[in-house]
Amino acid sequence: MTRRTKIVATIGPASDSLEMLEQLIIAGLDVVRLNLSHGEIADHLATLGRVREAADNAGRHVAVLADLPGPKIRSGRFPDGGVTIETSGEVRLAPGDQPSDATTIHVQHATLLDDLRAGSKVQLGDGAISMTVLEVGATTALARVDTGGRTSGQPGVHLSSTAVRLETPTAADLVLAETMSEAGVEFIAVSFVCGSNDVKRVREVVGTRAQLVSKIETRAALDDLDDIIEASDAVMVARGDLGLDCPIEDVPHLQKQIVRACVDAAKPVITATQMLESMITAPSPTRAEVSDVANAVFDGTDAVMLSGETAVGHDPVGVVRTMAVVAARAEEEAGYRRWARMLGRKQRAAGGVGVVDVDLQITNAVSHAASEAAVDADVAAILCCTRSGRTARAMARFRPDARMVGLSPDPKMVRTMCLTWGVEPIQVDMYSTTDEMVWFAVETALESGVVEHGDTVLVLAGAPSGPGAVPRRGHKSVATDVLRIVRVD
């Protein structure tokens, strides 16, 4: 059985050459992440071109995710060489972009004093330096340093999302989203999402040219989680900033909550941040990191993500290989059959309550039936014929034991399915009848080596209604309403 959990890797100076990209893809990379917070847009577009060439050379489908920077509050610049902020000391916080020092930290946020209250938490950088506001005056706020340390440059300043409502997406984000979607990336990640309207603003710019990934990294997003998932095509558990905005001991539990909600909704979910971070410099991960990756697999995540490990690390290919091995081993113990039964019970209990899209209700019912039939018939593979990817995502919710193949005539949709758990994407010709569709699916799976003569396969699809089939009036999508079990002769 091949690895089912997908791997997302961030590309940077250590990994952006054509040769390195090919090696990463061969090692198991499924989705490339371009972090637009760093570098020039022209460089990212050039990397996108190399990714396409490397994927062709490697003979694999690879998706590309462009990650928008989002709003960022930074301090005024600290002196060259940095300063030490002493634990238990006191510092002044002032709005503005003037230089900062060990006693006064200027914050590039005009409404800083309006947003702070006595008891507000303020953190620098990745949270290593944390402060509690004691009092807010007319020109500065006085804060006690709870955890001190050295800092330099212009570190980010984290204020609670419940106290500060930054513009998300920013005007610059929308320009970047327009540029990258026009360039053909499969996914756009929206940073610091606080509500579903943030996602909808990006949707207005991107349209259907790219799918949207909402990064859950604020407390405010948790309060609107269901609506954010509904508005998104996929979700990222961005544990770094989430651990700044929420108590750090809550993060593992929030991770499980978000992953389960996404799987229930058939939306791919990425677990991110510090998964194998020690491998930026070390040849092997820590035991705790290996456990972290395995636990994300046990949670049911669709994908695990690498950041600095592949962007600036000393051995990006080794990191991807390590991630692949750990994820594959964890899948052997993941207990997905129990997950499928639980999801089936929840679906039966809910029935049609709250479902306004009848085609979605049909898709849910047929994919559940397919998960049961795949076990009863002991099928070798489940073939999901899809133009929108919806059939494959609906089937992937049940985490079937059988190999799962996503077949689509749309090359971009084929790449998009690289993010969905367990789906092996294959491009096929257009079909016009159900019989033709089933025949093409089985024939393609046979030619690709997915199945052999004598195997039993399950074919799942939405019945075609001619080229460019569209939803019926008043419906959001074409229902998945074809389920056939076929003996490969």
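What follows is calculated from the coordinates using simple rules that are stated; it is not laboratory data. Just so it is clear, the structure is predicted and the values come from calculations on it, not from any experiment. Methodologically, a virtual Cβ is constructed for each residue, glycine included, from the backbone with ideal geometry; neighbour enumeration extends over all protein chains shown.
Of the DSSP beta bridges with both residues in the chain, give the percent that are antiparallel, rounding to the nearest 5.
35
Just to confirm the filter: which GluC sites (Glu not before Pro) across segment 239-334 are DSSP coil and have at most 10 other Cβ within 10 angstrom of their Cβ?
Answer by residue number: GLU332, GLU333.
Please list the radius of gyration and Dmax for segment 83-159, considering alpha-carbon atoms only, with Å as the unit.
Calculated on Cα positions, Rg and Dmax stand at 10.9, 28 Å.
Which of ALA141, VAL8, ALA118 sits closest to the plus end of the dipole of segment 1-149, meaning its Cα is farthest towards the positive end, when Lys and Arg get +1 and Asp and Glu get -1 on the C-beta?
Farthest towards the positive pole: VAL8.
Let me have the relative contact order for the chain, percent, based on Cα pairs under 8 Å that are six or more residues apart.
Numbers: 1073 pairs, mean separation 66.0, N = 489.
Over the chain, the number comes to 13 percent.
Classify segment 123-181 as rounded, prolate or oblate from the Cα gyration tensor: take a ≥ b ≥ c as the square roots of its eigenvalues, call it rounded if a/c is under 1.5, otherwise prolate when a/b beats b/c and oblate if not.
prolate
Hey, got the dipole for the chain? About the Cα centre, +1 on K and R Cβ, -1 on D and E Cβ, debye to the nearest 20?
In total the dipole reaches around 900 debye.
Check the straight Cα-Cα distances from LYS346 and name the lysines below 25 Å, setting aside those fewer than 8 residues away within the same chain.
In chain and number order, the partners are LYS256, LYS267, LYS476.
Tell me what the chain gives for mean residue ellipticity at 222 nm when only DSSP H runs of n ≥ 4 count, each as -39,500 (n - 2.57), the sum divided by the residue total, rounded to 500 deg cm²/dmol.
Per the formula, -11500 deg cm²/dmol.
Please identify the GluC sites (Glu not before Pro) of segment 38-101 that satisfy two criteria: DSSP loop assignment and at most 15 other Cβ atoms within 10 Å. Which are they? Write down the numbers at each step before the final one.
Details: sites: GLU40, GLU53, GLU86, GLU90; in loops: GLU40, GLU86.
Taking segment 38-101 and a limit of 15 other Cβ atoms within 10 Å, the loop GluC sites (Glu not before Pro) found are GLU40, GLU86.
GLY125: net charge of surrounding residues, Cβ under 13 Å, Lys/Arg +1, Asp/Glu -1, itself excluded?
Numbers: positive: LYS72, ARG74, ARG150; negative: ASP126, ASP241.
Summing Lys/Arg as +1 and Asp/Glu as -1 gives +1.
How far, in degrees from 0 to 90, does helix 434-447 lean away from the longest principal axis of the Cα atoms of the chain, to the nearest 10?
Tilt relative to the chain: about 70 degrees.
Quick check: the distance between the Cα centres of segment 292-313 and segment 54-121, to the nearest angstrom?
25
Under 15 Å from the Cβ of GLY96, count the other residues' Cβ atoms, weight Lys and Arg +1, Asp and Glu -1, and hand me the total.
-1
Sort HIS253, HIS61 by Cβ crowding within 10 Å, fewest neighbours at the top.
Ascending number of Cβ neighbours within 10 Å: HIS253, HIS61.
Residue farthest toward the positive end of the dipole of the chain, with Cβ of Lys/Arg at +1 and Asp/Glu at -1: which of ALA377, THR420, GLY243?
The one lying farthest along the dipole's positive direction is ALA377.
Go through (i) 80, 49, 49; (ii) 77, 69, 38; (iii) 78, 49, 41 and flag the label whose value is the computed Cα extents along the principal axes in Å for this structure.
(iii)
Determine the sum of side-chain charges near SER367: Lys and Arg each +1, Asp and Glu each -1, restricted to other residues whose C-beta is under 11 angstrom from that of SER367.
Once positives and negatives cancel, what remains is +1.
If the cut-off is a Cα-Cα distance under 22 Å, which lysines reach LYS72, setting aside same-chain residues fewer than 8 apart in sequence?
Reachable lysines: LYS121, LYS200, LYS215.
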